[in-house]
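Novice: Take this structure first; my questions come after.
The values are calculated or read from the model by the stated rules, or taken from the named source; none is laboratory data. All values reported here derive from a predicted model rather than from experimental measurement. Glycine gets a Cβ as well: all are built from the backbone with ideal geometry, and neighbour counts include every protein chain shown. With ligands, DNA and RNA removed, areas are computed over all heavy atoms of the protein, side chains included. Shrake-Rupley method; radii C 1.70, N 1.55, O 1.52, S 1.80 Å.
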Amino acid sequence: MSETIYDVPAAWAEKAWVTDAQYKEMYAASIKDPDTFWGEHGRRIDWFKPYAKVRNVSYKPGEVSIKWYEDGTTNVAYNCVDRHLATRANQTAIIWEGDDPAESRTITYGQLHAEVCKFANVLKAHGVRKGDRVTIYLPMIPEAAYAMLACARIGAIHSVVFGGFSPDSLSNRIEDADSRVVITADEGLRGGRAVPLKKNVDAADDKVKGGIGAVIVVRRTGGHVTMKPGRDFWYHEEAEKVSGHCPPAEMQAEDPLFILYTSGSTGKPKGVLHSTAGYLVYAAITHQYVFDYHDGDIYWCTADVGWVTGHSYILYGPLANGATTLMFEGIPTYPTISRFWEVIDKHKVNTFYTAPTAIRSLMGAGEEPVKKTSRASLRLLGSVGEPINPEAWEWYHRVVGEGRCPVVDTWWQTETGGILITPLPGATRLKPGSATRPFFGIRPEIVDTEGKVLEGACEGNLVIADSWPGQMRTVYGDHKRFEETYFATYPNKYFTGDGCRRDADGYYWITGRVDDVINVSGHRMGTAEVESALVAHPAVSEAAVVGYPHDIKGQGIYAYVTLMTGESPSEDLRKELVAHVRREIGPIASPDLIQFSPGLPKTRSGKIMRRILRKIAEDEHGALGDTSTLADPAVVDDLVANRQNRR
Ligand code: WT7
């Protein structure tokens with residue numbers, strides 16, 4: 001545990017939106033009187049009809065209901081685009097940097113407006129109406145932003161599916177959201193390699209009950225695709241047929257804005273549902289304060305729009321604030337390992353927001369690829385997605401930021417819509433590895449397993465005691481699952497699924513998931529999902545999956561596999577199982593280590609003892625604890641003898 005403390009640089013305290021004293025004052029006010037605080041901040045977006053009621057929230061078991069600004073009406077696309085036209089029509093809204101460094105362009109707010117209106121009219125022409133779900137399976141190209149904002153403009157609910165997901169995962173999400181229209185591209189481009197998106201949609205369509213109604217295809221690479229007449233339409237042809245005029249729909253504050261699927265500890269991924277006004281207010285306020293955003297800043301978040309970080313901090317937060325946001329199609333190592341830093345120099349980026357896994361992998365290449373670039377424009381660095389180890393934090397701060405850029409380690413989740421625990425760069429003294437303090441209006445608590453609230457310096461499970469505007473509203477189509485997942489473990493509180501320590505200064509240190517969710521390179525994966533993919537293979541009779549510490553990825557995927565009688569372990573089968581999981585879920589779910597195990601440690605009632613499997617995967621087999629309740633304790637000896645992770 002690092003005890004180094006970095007003071008707020010004097011220049012920051014002077015220019016930032018809030019100093020430490022102001023943070024304390026505003027935080028106290030936001031907790032004491034949330035209605036007044038959020039009542040005022042609700043006005044940072046424009047309303048068609050202003051709200052009179054700020055919050056209406058119940059966390060009571062059986063009647064969980066979350067509503068913010070419920071009697072107001074507005075439109076998210078209007079707020080992210082139209083309202084800036086009077087002052088920013090010629091300002092760059094999006095800087096697009098292609099996979100190939102020779103390809104980049106800028107889109108002004110004026111152009112963005114025209115593109116979003118056109119895209120919205122194409123959707124309308126294909127029968128998309130208010131409340132309909134539209135699945136977006138696009139690479140990181142400007143059309144992804146146009147498509148999302150187009151949905152918001154006409155009141156359709158978008159469900160963006162990350163381009164790395166397999167046809168199977170895509171079809172499950174299309175079916176669960178019951179979306180008739182899918183937007184995709186011929187191919188994506190990452191690190192010089194084509195990703196067959198349209199082909200994946202074709203394969204997904206075969207599995208969707210009733211089939212996909214219409215597929216709108218954006219031409220990105222010009223690679224060959226087959227177009228099915230009556231189902232597939234080129235976007236550029238459709239766009240020529242529609243008008244460029246499309247008024248924004250008047251939406252109720254609580255109308256859904258988007259669904260985003262995320263992994264839980266059990267069963268299939270859940271459709272996290274976010275609604276219109278509260279989400280946008282929260283994305284905008286956090287983007288302003290956490291990144292200390294000021295007019296003229298060039299802001300870059302390296303996430304993919306397929307994840308919530310891309311929704312809130314590439315698109316909605318920055319655009320609501322009239323910012324210039326950079327959208328990057330490529331990967332950190334292409335064409336060279338200096339790419340991130342070259343892009344920073346090329347576009348004079350001031351704020352850079354990325355994931356610990358990227359930092360750790362770039363760290364491995366040493367300082368030279370960073371130092372050969374200038375990075376003089378950089379003022380602030382951000383981290384998101386998983387705990388950042390103090391070594392990576394220090395390297396990010398010292399090498400990338402040359403010691404002059406504060407690092408904001410932002411803790412949040414798909415469910416929270418925006419950042420909940422974070423430093424503010426002009427206010428917060430930094431401790432490497434700690435997400436530090438709660439944002440305005442956020443009431444974190446640490447509880448023990450019985451739900452008792454712990455005080456002072458302590459360690460336990462992280463809950464949030466009260467609502468904030470950006471909170472998810474339900475699991476799409478399954479409100480009961482929403483209540484059970486988040487509000488049943490500790491009644492009247494939102495349970496995050498994370499473990500956490502609070503130190504004597506009141507700083508929060510996230511220790512990682514306490515459920516069966518693992519975090520691989522900042523991507524969330526349910527162990528149950530990987531297990532069900534494995535047992536779907538004909539050679540597999542049983543599988544148990546756990547996480548283990550991985551130097552670059554944070555956590556790696558460790559799979560224990562029991563084979564069917566007659567099957568025998570081999571290197572070929574190992575490779576085949578990895579390929580099988582990639583096909584079923586996508587490359588992000590590839591097991592790093594597979595251990596063929598004749599048996600799994602089970603209690604006499606047949607429950608797999610994951611605690612033991614985790615210890616062996618961590619190579620901590622000296623500390624297995626009590627194994628006397630196992631049906632067959634001898635299983636453990638074999639597991640230890642054949643363990644795959646030896647440090
Ligand atoms: C889980 C949420 C937040 C958007 C990207 C991930 C972990 C996230 C941090 C952080 C420690 C973090 C938590 C959380 N996590 N940020 N700064 N420090 N852990 O969203 O896929 O919904 O995953 O990521 O475990 O619960 P997500």
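Novice: Take the solvent-accessible surface of the protein heavy atoms, probe 1.4 Å, and return the percent of it on the stretch 144-252 that carbon and sulfur atoms account for.
Specialist: 49 percent
Novice: Here is a follow-up. Using label points projected 7 Å from each Cα along Cα→Cβ, tell me how many nm separate LYS346 and ILE31, to one decimal.
Specialist: For LYS346 paired with ILE31, the spin-label model returns 4.5 nm.
Novice: How high is the relative contact order of the chain? Use alpha-carbon pairs under 8 Å, at least six apart in sequence, and give a whole percent.
Specialist: Taking the mean separation of contacting Cα pairs over the length of the chain, I get 13 percent.
Novice: Okay, moving on. Taking the Cα of SER243, stepping 7 Å toward and past its beta carbon, and measuring to each backbone N in the stretch 152-187: which are under 17 Å?
Specialist: Only 154 fall inside the zone, counting backbone N under 17 Å.
Novice: Still on this structure, please answer the following. Round to a whole number: what % of the accessible area of the stretch 262-392 belongs to carbon and sulfur, probe 1.4 Å? If you can, show how the numbers build up before the last one.
Specialist: Numbers: 1850 of 3200 Å².
Carbon plus sulfur share of accessible area: 58 percent.
Novice: Would you list which lysines come within 21 Å of LYS371, measuring only between C-alpha atoms, while excluding same-chain residues fewer than 8 positions from it?
Specialist: Within the straight-line limit of under 21 Å, LYS371 reaches these lysines: LYS346, LYS348.
Novice: Under 16 Å Cα to Cα from LYS553, which aspartates and glutamates show up? Leave out anything in the same chain fewer than 8 places away.
Specialist: By straight Cα distance, LYS553 reaches GLU386, GLU391, ASP592, GLU618.
Novice: With 23 Å as the cut-off, how large is the P(r) tail for the stretch 128-270, expressed as percent of Cα-Cα pairs?
Specialist: The share of Cα pairs beyond 23 Å in the stretch 128-270 comes to 33 percent.
Novice: Show which aspartates and glutamates lie in cross-link reach of LYS199 when reach means a straight Cα distance below 14 angstrom and same-chain residues fewer than eight apart are skipped.
Specialist: The qualifying aspartates and glutamates are ASP168, ASP186, GLU187, ASP232.
Novice: Could you work out the local net charge near PRO356, counting Lys and Arg as +1, Asp and Glu as -1, over the other residues with Cβ closer than 10 Å to its Cβ?
Specialist: Neighbour charge sum, excluding PRO356 itself: 0.
Novice: Expressed as a whole percentage, what fraction of the accessible surface of the stretch 555-647 belongs to carbon and sulfur atoms when a 1.4 Å probe is rolled over the protein heavy atoms?
Specialist: That fraction is 49 percent.
Novice: Arrange the peptides 221-227, 527-533 so that the one whose residues have, on average, the most other Cβ atoms within 10 Å appears first.
Specialist: 527-533, 221-227
Novice: Using the heavy atoms of the protein chains alone and a 1.4 angstrom probe, what is the accessible area of the stretch 327-371 per residue in square angstrom?
Specialist: 33 Å²
Novice: Between beta-carbons, use under 13 Å as the cut-off and find the net charge around ALA365, counting Lys and Arg +1, Asp and Glu -1.
Specialist: +2
Novice: With a ≥ b ≥ c taken as the square roots of the eigenvalues of the C-alpha gyration tensor of the stretch 244-375, please select rounded if a/c is under 1.5 and otherwise prolate if a/b is larger than b/c or oblate if it is not?
Specialist: The shape class here is oblate.
Novice: Over the alpha carbons of the stretch 435-494, what is the largest minus smallest coordinate on each principal axis, giving the biggest first in Å?
Specialist: Largest to smallest, the principal-axis extents are 40, 28, 17 Å.
Novice: What relative contact order, as a whole-number percentage, does the stretch 8-69 give when Cα pairs under 8 Å and 6 or more residues apart are counted?
Specialist: Relative contact order of the stretch 8-69: 19 percent.
Novice: Within a Cβ distance under 13 Å of VAL57, other residues only, what is the Lys/Arg minus Asp/Glu net charge? The partial results should precede the final answer.
Specialist: Numbers: positive: LYS53, ARG55, LYS60, LYS67, ARG443, ARG473, LYS493; negative: ASP35, GLU63, GLU70, GLU254, ASP466.
Cβ neighbours under 13 Å give a net charge of +2.
Novice: With a point put 7 Å past each Cα toward its Cβ, work out how far ASP572 is from LYS24 in nm, to one decimal.
Specialist: So the label points at ASP572 and LYS24 sit 7.0 nm apart.
Novice: Quick one: Karplus J couplings for the stretch 575-584, per residue in order, coefficients 6.51, -1.76, 1.60, θ = phi - 60°, nearest Hz, x for Gly and Pro?
Specialist: Karplus-based 3J(HN,Hα) across the stretch 575-584 equals 4, 5, 5, 4, 4, 5, 5, 4, 5, 6 Hz.
Novice: Could I ask something else about it? Could you tell me which of VAL384, GLN111, CYS301 has its Cα farthest along the dipole of the chain towards the positive end, charges placed at Cβ (Lys, Arg +1; Asp, Glu -1), taken about the Cα centre?
Specialist: Positive-end residue among those listed: GLN111.
Novice: Given +1 on the Cβ of Lys and Arg, -1 on the Cβ of Asp and Glu, and no further charges, what dipole in debye does the chain carry about its Cα centre, rounded to the nearest 20?
Specialist: Charge dipole of the chain: 780 debye, to the nearest 20.
Novice: Give me the tail of P(r) for the chain as a percent: Cα-Cα pairs with distance above 45 Å. Can you show the working numbers first?
Specialist: Details: 33374 of 208981 pairs.
Cα-Cα pairs of the chain separated by over 45 Å account for 16 percent.
Novice: Hey, another quick one. Once the dipole of the stretch 395-473 is set up with Lys and Arg at +1 and Asp and Glu at -1 on Cβ about the Cα centre, which of TYR396, GLY451, GLN413 lies farthest towards its positive end?
Specialist: TYR396
Novice: While we're here: Can you tell me the convex hull volume per residue for the stretch 7-142, based on C-alpha atoms, in Å³ to the nearest whole number? Walk me through the numbers before you get to the answer.
Specialist: Details: hull volume 33.5 nm³, N = 136.
Cα convex hull per residue, to the nearest whole number: 246 Å³.
Novice: Oh, and also: Which length gain, in nm to one decimal place, applies between ASP626 and THR106 when the Cα-Cα distance is subtracted from 0.36 nm times their residue separation?
Specialist: The span from ASP626 to THR106 would gain 181.1 nm if fully extended.
Novice: Another question about this same structure. Would you mind computing, in nm to one decimal, how far apart the modelled labels at VAL640 and HIS479 are, each placed 7 Å from Cα along Cα→Cβ?
Specialist: 5.2 nm
Novice: Is the stretch 313-366 best put as rounded, prolate or oblate by its Cα gyration tensor, with a ≥ b ≥ c the root eigenvalues, rounded for a/c under 1.5, and otherwise prolate when a/b is larger than b/c, oblate when not?
Specialist: Note, shape of the stretch 313-366 comes out prolate.
Novice: OK, next. PRE reach from LYS228 (point 7 Å along Cα→Cβ): which of the stretch 182-211 fall under 19 Å by backbone N?
Specialist: Under 19 Å, as judged by backbone N against the label point of LYS228, lie 182-187, 196-211 of the stretch 182-211.
Novice: Divide by every residue of the chain the summed helix terms, -39500 (n - 2.57) for each DSSP H run of at least 4, and state the resulting mean residue ellipticity at 222 nm, rounded to the nearest 500 deg cm²/dmol.
Specialist: Taking each H run of at least 4 residues, the total per residue is -8000 deg cm²/dmol.
Novice: Roughly what % of DSSP beta bridges within the chain run antiparallel, to the nearest 5? Show your work: numbers first, answer last.
Specialist: Numbers: 61 of 101 bridges.
Bridges in the chain are about 60 percent antiparallel.
Novice: Something else now. Assuming R0 = 45 Å, what is the FRET efficiency of ARG611 and ILE331, from their Cβ-Cβ distance, to the nearest 0.05?
Specialist: Values: r = 36 Å, r/R0 = 0.81.
The pair ARG611/ILE331 has a calculated efficiency of 0.80.
Novice: Would you mind working out the accessible area per residue for the stretch 440-550, using a 1.4 Å probe, and quoting it in Å²?
Specialist: 35 Å²
Novice: Further question on the same structure: Please calculate how many Å² of accessible area the stretch 125-198 carries per residue, with a 1.4 Å probe and no DNA, RNA or ligand atoms counted.
Specialist: Numbers: 1890 Å² over 74 residues.
Heavy-atom accessible area per residue stands at 26 Å².
Novice: Cα-Cα over 31 Å: which of LYS67/LYS452; LYS60/LYS270; LYS198/LYS575; LYS67/LYS209; LYS268/LYS607?
Specialist: LYS67/LYS209
Novice: Which ³J(HN,Hα) values in Hz, rounded to whole numbers, follow from the phi angles of the stretch 132-145 under the Karplus curve 6.51 cos²θ - 1.76 cosθ + 1.60, where θ = phi - 60° and Gly and Pro get x?
Specialist: So the J values, rounded to whole Hz, are 5, 9, 10, 8, 10, 10, 10, x, 7, 10, x, 4, 5, 5.
Novice: Please list, by residue number, every one of the trypsin sites (Lys or Arg not before Pro) in the stretch 549-579 that is coil in DSSP and has at most 13 other beta-carbon atoms within 10 Å.
Specialist: none
Novice: Looking at the stretch 367-455 from every direction and averaging, what is the projected area of its Cα convex hull in nm²? Write down the numbers at each step before the final one.
Specialist: On the way: hull surface 30.3 nm².
Projected area, direction-averaged: 7.6 nm².
Novice: Take each of the peptides 555-563, 347-355, 364-372, 315-323, average the number of other beta-carbon atoms within 10 Å over its residues, and list them starting from the highest.
Specialist: Details: 555-563: 24.1, 347-355: 22.1, 364-372: 13.4, 315-323: 26.0.
The densest-packed peptide leads the list: 315-323, 555-563, 347-355, 364-372.
Novice: Now a separate question. If a/c stays under 1.5 just call it rounded; otherwise compare a/b with b/c (prolate if a/b is bigger, oblate if not). Do that for the stretch 494-604, with a ≥ b ≥ c from the square roots of the Cα gyration tensor eigenvalues.
Specialist: The shape class here is prolate.
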